[in-house]
Amino acid sequence: MISIYEVKKGFSKSLLAISIGATLSISSISLADNTTGTIRGSVLNVAKSDKVRITDVARGISKDISIGNGGEFRVGSLPPGEYQLDLYSGGQVTESRSVSVSLGGTVNIALGDSSEMEEVIVQGQRISQVDTGIAESGLVISSDEIIELPVARNLDSVTLLAPSVSRGDRTFDEFGGGTSFAGASIAENVSYINGLNTTNFRNGLGYSTVPFEFYDNIQVKTGGYSAKFGRSTGGVMNATTKSGSNEFKFGTSFYYDEETETAPNTFVYDNDQDELNAREANIYASGPIIEDRLFFYALYSGVLKNKEYYGMTSGRGYKEETESDFWGVKIDGYITEDHRIELTAFSDERDIVEGIYNYDSETEQTGDYIGDIVYGRGGFNWIASYIGNLNDDMTLSISYGENTQDRSEIPENKDASTVYWYNPGRVSIGDWVGSTVEVGEDTREMFRIDFSWVIKDHFVEVGIDNETNNLTENTTYSGGEVWRLYPELGRARNLIYENVGSFETESTAFYLQDTWQITDDWSVQLGLRNETFTNKNAAGEEFIDVSDQWAPRFSTVWDPTGEGKQKIFANFGLYYLPVASNTNVRLAGTELYTTEWFDWDGSCLNSDSTPCNLGESDGLGYYADGSLKDTKSVVDKNIDPMYQSEYILGYEYIMDSGIQLGVRGIYRNLEVALEDLAIDAAVIDYYNSSGTWDASKVDGASVEDIFGGFHQYVLTNPGNDMRIYIPEQGEYINLSAAQLGYPEAKRQYGAVEFTFKRPFDGRWSLDASYTWGHSWGNNEGYVRSDNGQTDSGLTTNFDQPGLIEGGYGDLPNDRRHTVKAFGTYSFDMGLRLGANFMWQTGRPKNCFGMHPNDVFAQEYGSESFYCQGELNSRGSLGRTDDYWNLDLNAQYPIEFADNQRLLVSLDVFNVFNNDAVLEVEEQGDLDGTTEPYDYFGRAYYYQTPRSIRLGLRYDFN
């Protein structure tokens, strides 16, 4: 909305401006819980006024609000929507105003006679357009706004509208792609739906899949969020779903998506043969179950997605079909106007069936069908909440919910051994279908209580936020093994993996927060959050118990003129990240993981394509030996939790025309990181130096016999001294940082953002931003983009000292320059056009190869920063292509009688079919050697090609 400021008297700070300024000094986020909003206001000529009555227009619920001695009033915990405010005097309505409450926001309004004073008008409403209380960074967008923009129908695409958010590497497409917030890895975000955490707690990648029709509002928090939120060092995606009202509504929609072009071929993929299309049908209904008291919203969404892609050298083609039958229900019940209950339930269960075929890329001919892989995903989710206004100053909310996810991956021919032939590209040979066989399920239980209390100039909030996460794991290789064959080298490598168990993780937190209105123009928010994370091994024993993680949060906002037209704000906060449940599985389970190299004649194969005529073995090596480790031996006794500090300084200004301008500086520092690392070399040095190794305790074996490079991995803070238990000797020892040989894990991010916003005025709107950002250090975070590793907190980055040599530099999520712009234009005859544009510089490139002299690091193959024996520091080999993309859409509504409407839409993504190289092959050495890898530096992934989306939407209101 456009705000027009009319100065009716020639003084700079009128009584109305002071009144509004007094309502603006409290953070709009802090005044609302995770799913609601707030109205704050001032009544002029308060002596003549009795009360303010607020009415939920859609549901008919009314509530009387008392007016303070200074004319102030406030009502919180309001579901987002339209409200009417009536001012009473002598029992009669003297003024009525309508306002719109958004998710997590505060509407500030002045009521009463202001004929002799300055007016702030927003489409007939005297409302401050700039909320001079909010110090959080991000955006809030409604479902109606999303529909008008050419945005892909997934949550990641919405988050990309916000500044300082970048798309994750396509390496993680299996988990939906993901987004990086302010330099963090894509596994450090958290996603909520109506207060229910739906994030993948195994590794932080992905979240529950919900169709856009179910969303009502989406809030993207990119920084500066309050003590009510935690478990994230990236960003927060906080969404609410649609709800019913007193009016019966019905609607249906259909969308068809298709890629109309293909990306250029790469050495990995024969993209010319790609096909991708999807059909989505939705039907919804909503209305009252009991008028003015009980309401429902229900949605069914059916999706059928077909995808074909083919390998250039793998000899395989893939035809994938995804079937999803989503259903969701939201129930809202009002016990009284002050007390209500909510129930949200939905299921995103789906099956992905991937058919595997033989394929010849030279002739582009598909051969025999080999078999299917069936992926089970999604699950049943629900949350129930009570929200009560105990009186005008106190609010209480209580929530309990569950989130489940299927993690199964079942290949049809799961008894066939996995065999790869490298010459030099990787070719899949044999009858195996998928390399991994996995059966797993994740279940989250959450419980939360939030209480708020207005005490004069203070808004005090306290709460608890608890989660218990349980997972089951049963994973092995197809046929129990993987063979990697190198005919030119005359070598063969055998890998065996198996892991079975059940694991539990508990995350508990409590917070205290006070928002203090110091003066009319200055507010301060002080918060403190305490986190505790407890991870248990396969036997149910605690192996990590990190408590008393105190996370202070501070923000302040100052309106330098007191007119609500500008603000200067600052934030400081510490943010802790839980230990991913993946750590329980990999580090504290019964994982068996072995490697063995053989000499081989380079040609002999058995009938199942496994190698025959094998020569001498280099010996069996253990990454994990299948035993359940002593809990004391897997975690550093001196371990500190992973946390990040954040500093923000910003300024916002609204022009008389309604255009909003802003600038924000942000600095983030990963103060402490968690990673697993091998301590074998340090243990050997310790016992050889001290001479205290007791061989009699291990049947006469030497320390070198036991600690062969991969015997003991420990979760710790890299670069620090360690106190760790050695089971073979039955004692704790102290290892110095010098003995361990690892540098301190570092990640820093600095950015400056410039924003421009022109709200929609009935004709057009535009949001734009430019971000200069820099992410640098030696640790991307929970996952690794450069090698595609999804083992959160357990990547190869710090596994051996040789693997981190040269590892300091520009990190994978470093995007130095980013420009974003999106908006709409409406014609008089109803046609509306939308656009979404992004330009961004490329990401740093690396070269990974065999370490020349660290024998333990050499066992990892091409994982060090050495190529052909020469060190290439992280990010020192240039960058991928600069990327720009323009999406457009057109919509035309057709109105019918009886409040019926048909909306016809066309979206075109990547209108110019740009094909920037987004990722390249960064392996520089042929695996197991220091010989150059022929495909190093070649394009791996290109920009997603042009696609279209056709839509029909029918609504009956």
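The values are calculated or read from the model by the stated rules, or taken from the named source; none is laboratory data. Since the structure is predicted, the reported quantities are computational estimates derived from the model, not experimental observations. Here the Cβ positions follow ideal geometry from the backbone for every residue, glycine too, while neighbour counts run over all protein chains shown. Protein only, heavy atoms only, side chains kept; ligands, DNA and RNA dropped before computing areas. Shrake-Rupley method; radii C 1.70, N 1.55, O 1.52, S 1.80 Å.
Worth a mention:
- Out of VAL439, VAL427, sole residue that is without any contact (Cβ under 8 Å) to a residue 40 or more places away in the chain and either touching a helix residue (DSSP H, G or I) at 6+ places or on another chain (Cβ under 8 Å) or not in a loop (DSSP other than H, G, I, E, B) (or both): VAL439
- Exactly one residue out of ARG74, ARG97 is modelled with pLDDT under 85 and under 28 Å from GLU337 (Cα atoms): that is ARG74.
- Test: residue in segment 507-516 that is modelled with pLDDT of 95 or more, closer than 30 Å to ASN423 by Cα and assigned to a strand (DSSP E or B): no
- Test: ILE127 is over 23 Å from ALA227 (Cα atoms), open to solvent by less than 30 Å² (accessible area, probe 1.4 Å) and modelled with pLDDT of 90 or more: no
- Within segment 368-380, the set of residues being more than 31 Å from the chain's Cα centre (by Cα) and touching a residue at least 12 places away in the same chain (Cβ under 8 Å) comprises TYR369, ILE370, GLY371.
- Flag for GLU119 being at pLDDT below 55 and open to solvent by 20 Å² or more (accessible area, probe 1.4 Å): yes
- Of all residues making up segment 659-677, the number that are under 30 Å from ASP799 (Cβ atoms) and open to solvent by 60 Å² or more (accessible area, probe 1.4 Å): 2
- If only residues of segment 498-539 that are under 30 Å from LYS567 (Cα atoms), buried (at least 20 other Cβ atoms within 10 Å of the Cβ) and of a type in the set (D, E, K, R) are counted, the one that is nearest to the chain's Cα centre (by Cα) is ARG529.
- Qualifying residue in segment 183-194 (condition: open to solvent by 10 Å² or more (accessible area, probe 1.4 Å), closer than 23 Å to VAL439 by Cα and either assigned to a loop (DSSP other than H, G, I, E, B) or outside the structural domain of GLU280 (by the TED database) (or both)): no
- Hits in segment 837-871 - residues which are in a loop (DSSP other than H, G, I, E, B), under 19 Å from GLU780 (Cβ atoms) and out of contact with any Gly (no Cβ under 7 Å at 6 or more places or on another chain): THR841, GLY842, ARG843, TYR860, GLU863
- Top-ranked residue in segment 734-779 [being closer than 23 Å to ASP854 by Cα and within 23 Å of the chain's Cα centre (by Cα); ranked as most open to solvent (accessible area, probe 1.4 Å)]: LYS746
- Residue within segment 807-821 that is more than 27 Å from GLY875 (Cβ to Cβ) and touching a residue at least 24 places away in the same chain (Cβ under 8 Å) present: yes
- Any hit, segment 201-213, residues being open to solvent by less than 10 Å² (accessible area, probe 1.4 Å) and free of Cβ contacts under 8 Å to residues at least 60 places away in the same chain: no
- Checked against the criterion of being surrounded by fewer than 19 Cβ atoms within 10 Å (Cβ to Cβ) and free of Cβ contacts under 8 Å to residues at least 40 places away in the same chain, the candidates ASP656, ASP699 yield just one match: ASP699.
- There is at least one residue in segment 228-242 that is in contact with a Pro (Cβ under 8 Å, 6 or more places away or on another chain) and either buried (at least 24 other Cβ atoms within 10 Å of the Cβ) or more than 22 Å from SER166 (Cα to Cα) (or both).
- Of the strands (runs of 3 or more DSSP E) lying entirely inside segment 540-608, those containing at least 1 residues that are open to solvent by less than 50 Å² (accessible area, probe 1.4 Å) and under 29 Å from TYR225 (Cβ atoms) are 542-558, 566-576.
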